[in-house]
1. Using amide H atoms built in the peptide plane, which far-off residues or other-chain residues are under 5 Å from residue 102 H to H?
2. What percent does the relative contact order of region 1-85 come to when contacts are Cα pairs within less than 8 Å and at least six residues apart?
3. Can you give me the relative contact order of region 196-268 as a percent, contacts being Cα pairs under 8 Å and 6 or more apart?
4. What per residue convex hull volume, in Å³, comes out for region 212-268 when only alpha-carbon positions are used?
5. Once the convex hull of the alpha carbons of region 1-129 is built, what does its volume come to per residue, in cubic angstrom?
6. Find the accessible area per residue for region 19-69; the probe is 1.4 Å, ligands and nucleic acids are left out, and the unit is Å².
7. How much FRET efficiency would the formula 1/(1 + (r/R0)^6) give for residue 186 and residue 29, where r is the Cβ-Cβ distance and R0 is 41 Å, rounded to 0.05?
8. Multiply the residue separation of residue 195 and residue 57 by 0.36 nm, subtract the distance between their alpha-carbon atoms, and state the gained length in nm to one decimal.
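The values are calculated or read from the model by the stated rules, or taken from the named source; none is laboratory data. These numbers come from a predicted model, not from an experiment. Cβ sites come from the backbone with ideal geometry, for glycine too, and all protein chains shown count toward neighbours. Each accessible area value is taken on the protein alone, full model and side chains, heavy atoms only, with ligands, DNA and RNA left out. Shrake-Rupley method; radii C 1.70, N 1.55, O 1.52, S 1.80 Å.
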Amino acid sequence: AAARAGGLPLRGVLHAAAVVDDATIPSITHDLIERDWTPKADGAWHLHEATADDDLDWFCCFSSAAALLGSPGQGAYAAANSWLDGFTAWRQEKGLPVTTIAWGAWGEIGRGAVLAEAGDTAMIAPDEGVHAFDVLLRHTRPYTGYLPLNRAPWLTALAARSPFAAAFRDDRGERSQSSQLRQEFEALPAEDRLAWLRRFVAGEAAAIVRGTVDPSRPFNDYGLDSLGNLELRTRIETNLGIRVAPKAVAENNSAQALAQYLAHFMGN
């Protein structure tokens, strides 16, 4: 209504609304899904209906690399963006203008500034992103992913879980490291195993937070959130060749407590 109030025709729509509420899959609730889903999916549909009678030049939606490539801990957000990506294909089939961009993380502003402080160097600079947006909007391609690849820390994780990359991957080195660590643990006397696990868990947590971790202090004192817990669990499973319950890290919130859990879990 505001766009039409001046008597000029409405020519373009930009849908950039989003809520990002992170949680690992076991922690996702109906309310969390609604918070992520409503602005992204419902918002796109309302804009579609509101402009059904307008002769638009462009209808641009902002999607996310979370849906394009996957993002641990962002299942609900990725699902909402995946719906948006399907909506893009549907509008194209209807002959309606549509351009959707699956963005990676932007630096310097908003949530991207927080990620940059955490040491993520693979960020989209705002001036670069604005230029990319302008270029993409001038073309008829309905869907494009835009994210930096150089020094991107997620590339290794993507290659590790991607079926496409599996054919090119030699994971014998990873299996060997896992086997060696497990053998090292099992070769210890029973009375030394707990201390070994405590040092191991503290070392893995330190690698994530990039600092020294006191085994007796809670992980969240070091800023380890749900995504950090997921990474720690993945590191433990990979290096020890075991499966750990999804809530184990959150419920054993220190290297000392988690080591005791693992010791019991591994039969010590």
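1. The answer is 63, 144, 145, 146.
2. About 42 percent, as a whole number.
3. Worked out over region 196-268, it gives 40 percent.
4. Cα-based convex hull of region 212-268, divided per residue, equals 78 Å³.
5. For region 1-129, the hull spanned by Cα atoms encloses 132 Å³ per residue.
6. Working: 2650 Å² over 51 residues.
Each residue of region 19-69 exposes 52 Å² on average to a 1.4 Å probe.
7. Working: r = 39 Å, r/R0 = 0.96.
That gives a FRET efficiency of 0.55.
8. 43.1 nm
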